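Visitor: Structure incoming, see below.
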Amino acid sequence: MARGIDAVLERLSGGAYDARIGFDGDFQTADFFDTAIITSLMTDRRANEAEVLESHKRRGWIGNEYTPGFELGSKLWMFEQSRLTRTTMNSIAEAARDALQWLVDDGFAVAIRSVSVKLAPPSSPVTGMILEIEIQRSLSVVERRYYDLWITTGTGVGQEKEGVGEGAEPDNKSVHNDNGYNYMRTPETALGLGNKWSIAVWGKMVGDAANTNNKVVVGCSSTTGALNRIWIGKSGAAWDSPSMGVTLTDNAGVGTKSFGVDNVWTLGDWKHVVVTFDGTLPNVDQLTVYVDGSGATITGGPGVSTTMSNSTRSLHLGKGLIAFGDWVGCYDFRYYETMAWNAKLGQDAVEALYNGGNPRGLNPNANFGGYTHSSNLLYYLQHGRDPTKLGYNWVTGGGVNLTDWSGLDASDIVDDYPGL
């Protein structure tokens, strides 16, 4: 789908929304469907003579005056006074599907997968009618649910759930690590990461004026930091340095490799970084770094051969252990999500996960597009998804916070995410 279909809406005080204006004075756009769906359904398409006899009651939207032959909007308004029978609900579903068809005709979606209308059950927290929509994109499925469309003769709309794939939840937040001594670390265990792995992080550097050392963004190490070590961090003496460092240490603690990747952590920009490794014969030490969906040039000496094993160690973000030396905490860094697989992802999988810079709603627990590694996914940490579960693993579940993120709490959840 082409990037930039949707105007970005900003919630104002009092609950109203307005279009967000960029620094260039133009509307900001994003690769979402939110605005497109709401506009398609909730603006009034004009009724024809057979549907409404009196011309002044046919409604319509003034924006359609400038698009001859194309009518944006729906005729859902025509059912405001209708009894909610099964026939009416079928007609509502048909009107909604017709209003969204332009997304397929213009190539923004593959298909309108389903449109269903039902009454909210008595036990539901909402009342009235629920309209559920699934739209197939090239790499994902967009699900929207709208409720309280008509209660008696009144009108209203609410978006109860948005997401992609089974069990997806709202994912429009991130966690802001504003102190270099804060960190998240899983309990020490055999992580499942041996001689073939991939680690991905969506992160944003928003500042680091107080610290000039190297920083751990995401790492994997034993308590000593010397065995089967994986460090993916920000490197460089300048606080706004865009360079990234990758350091690997083998299972004997001696075979260390250090790589440098230029132009990664650009200040103020969300970055999707994937580091993949295959140390199995005959592919010894095949390490690849992807930045925003593309393979990055790796500089620096490869050192000696590195063989890793699935030993007892922890996955950590934001700060290394004291034994890690100058790899200290990463100030003013925002985490959207972190993932780890026991497989080496390829270009197609990385591109699918990057999704043109819009990861919202993608569900790595299920395959989509060029991503076929859901069975290899070991850790899926969507940090801002639930403030009470900053490091919850959405692969294994369990209903508890599986990690210890020291120094952070619900107040560090911010309304910021890639693609905004």
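The values are calculated or read from the model by the stated rules, or taken from the named source; none is laboratory data. Keep in mind the model is a prediction, meaning the values are calculated, not measured. Reconstructed Cβ throughout: ideal geometry from the backbone, glycine too, with neighbour counts over all protein chains shown.
Visitor: Determine, yes or no, whether Arg113 is at pLDDT below 85, in a strand (DSSP E or B), assigned by TED's automatic domain parsing to the domain that holds Asp44 and out of contact with any helix residue (DSSP H, G or I) (no Cβ under 7 Å at 6 or more places or on another chain).
Guide: For Arg113, the condition - at pLDDT below 85, in a strand (DSSP E or B), assigned by TED's automatic domain parsing to the domain that holds Asp44 and out of contact with any helix residue (DSSP H, G or I) (no Cβ under 7 Å at 6 or more places or on another chain) - is met.
Listed here are the residues, each with its yes/no results for (1) at pLDDT below 75; (2) more than 16 Å from Ser198 (Cβ to Cβ).
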site	(1), (2)
Asn363	no, yes
Gly370	no, no
Gln382	no, yes
Gly398	yes, yes
Asp409	no, yes
Asp415	no, yes
